[in-house]
Amino acid sequence: MCQPQFASTQTGLLHHARSECLTRHTHREAFAAVVLRGGYLETGDRGRINVVPGDVVLHGPYESHQDHVSASGADVLIIPWLEERLGSPLGAVSDPDQLARLAESDMRGAARMLVEEVSIRALPSMDWPDMLARDLWDCPGIGLGEWAETMGIRPETVSRGFRRAFGVSPQSFRARVRLLRALSRIHRGEKLADLAAECGFADQAHLSRHFRTLTGETPRAWRSESNSPIDAEPSTFYSVRNAIIGSTYIARRAGM
């Protein structure tokens, strides 16, 4: 079985070029993206978000997203997210530059400040694909045909339109949601057989196969490991030029 490929999560300043497009990718670690300047459209496992300066996008472990940067580009501060996953992935801070200044000398302190200062907001619905993504997250077992009928949309239109917006089919999106929902419950030590049935998998073996596709490990092996936050004490503050090649960030030191 091929090992999954993960994008590196490098804390510090991240610069996105004008109109840059990042294909869908996955990070193993939880982190927060604080927008300092510019903006972009992020399409993630919770929905689509148009972010502007002061916005904070929270990413849980193994969540995926794609980004389309605005014509003005974007500067983003990447900070470890040290808390349990919140209900909404969108938040805001009143003074993002203060966080950036603190992060230059104390990344962990900046991470603690973010937890204290961030104001969590509900995701706005942009269109029916966002409504479907929200409904699949809240209830992965909903029937797509029934949902389409309720919304007055043809099933084939739902499939094409959702893929156009999110880059994956509704079925693939739902499968990923089931895995992400299972992730935290596996971490808490719930019985795998019971969890598999409750999360929509045929049996424990079915869950284990899909879980290994997501994480590269079996549920038992993954649960036994220490899942500590990413290193929040870099010796040198980085200015990161986001250039994804495959699924790896290329970083360069400030001033080089």
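A few points about this structure:
- Only one entry in 67, 75, 55 is under 26 Å from residue 104 (Cβ atoms), out of contact with any helix residue (DSSP H, G or I) (no Cβ under 7 Å at 6 or more places or on another chain) and surrounded by fewer than 20 Cβ atoms within 10 Å (Cβ to Cβ), namely 75.
For (1) part of a strand (DSSP E or B); (2) in contact with a Cys (Cβ under 8 Å, 6 or more places away or on another chain); (3) outside the structural domain of residue 167 (by TED's automatic domain parsing); (4) not small (Gly, Ala, Ser), each residue gets a yes or a no:
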residue: 22; (1), (2), (3), (4): yes, no, yes, yes
residue: 62; (1), (2), (3), (4): no, no, yes, yes
residue: 75; (1), (2), (3), (4): yes, no, yes, yes
residue: 94; (1), (2), (3), (4): no, no, yes, no
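- Only one of the numbered conditions (1) closer than 22 Å to residue 16 by Cβ; (2) touching a Leu at 6+ places or on another chain (Cβ under 9 Å); (3) of a type outside the set (D, E, K, R); (4) at pLDDT 95 or above is not met by residue 89, and that is (4).
- Filter result (at pLDDT below 95 and part of a loop (DSSP other than H, G, I, E, B)) within region 127-156: 127, 139, 140, 141, 142, 143
- Residue match in region 61-73 (condition: out of contact with any Ser or Thr (no Cβ under 6 Å at 6 or more places or on another chain) and without any contact (Cβ under 8 Å) to a residue 12 or more places away in the chain): no
- Here is the figure for region 17-58: residues that are touching a Phe, Trp or Tyr at 6+ places or on another chain (Cβ under 8 Å) and farther than 24 Å from residue 161 by Cα total 6.
- Options 35, 56, 52: the member that is at pLDDT 95 or above and touching an Asp or Glu at 6+ places or on another chain (Cβ under 8 Å): 35
- Single match in 137, 147 (criterion: over 29 Å from residue 30 (Cβ atoms) and aromatic (Phe, Trp, Tyr)): 147
- Filter result (of a type outside the set (S, T, N, Q) and either in contact (Cβ under 8 Å) with a residue 40 or more places away in the chain or at positive phi (or both)) within region 105-119: 107, 108, 111, 114, 118
- Residue within region 67-80 that is modelled with pLDDT of 95 or more, of a type in the set (S, T, N, Q) and either under 17 Å from the mean Cα position of the chain (by Cα) or within 18 Å of residue 166 (Cα to Cα) (or both) present: yes
- Only one of the numbered conditions (1) over 18 Å from residue 42 (Cα atoms); (2) crowded, with 18+ Cβ neighbours inside 10 Å is not met by residue 154, and that is (2).
- Within region 129-158, the residues that satisfy the criterion of being free of Cβ contacts under 8 Å to residues at least 60 places away in the same chain, among the hydrophobic types (A, V, I, L, M, F, W, C) and touching a helix residue (DSSP H, G or I) at 6+ places or on another chain (Cβ under 8 Å) are 131, 132, 136, 142, 144, 147, 148, 151, 153, 158.
The values are calculated or read from the model by the stated rules, or taken from the named source; none is laboratory data. Computed from a prediction, not measured in an experiment: that's the story for all the values here. Don't worry about glycine lacking a Cβ; one is built from the backbone with ideal geometry, like all the others, and counts go over all protein chains shown.
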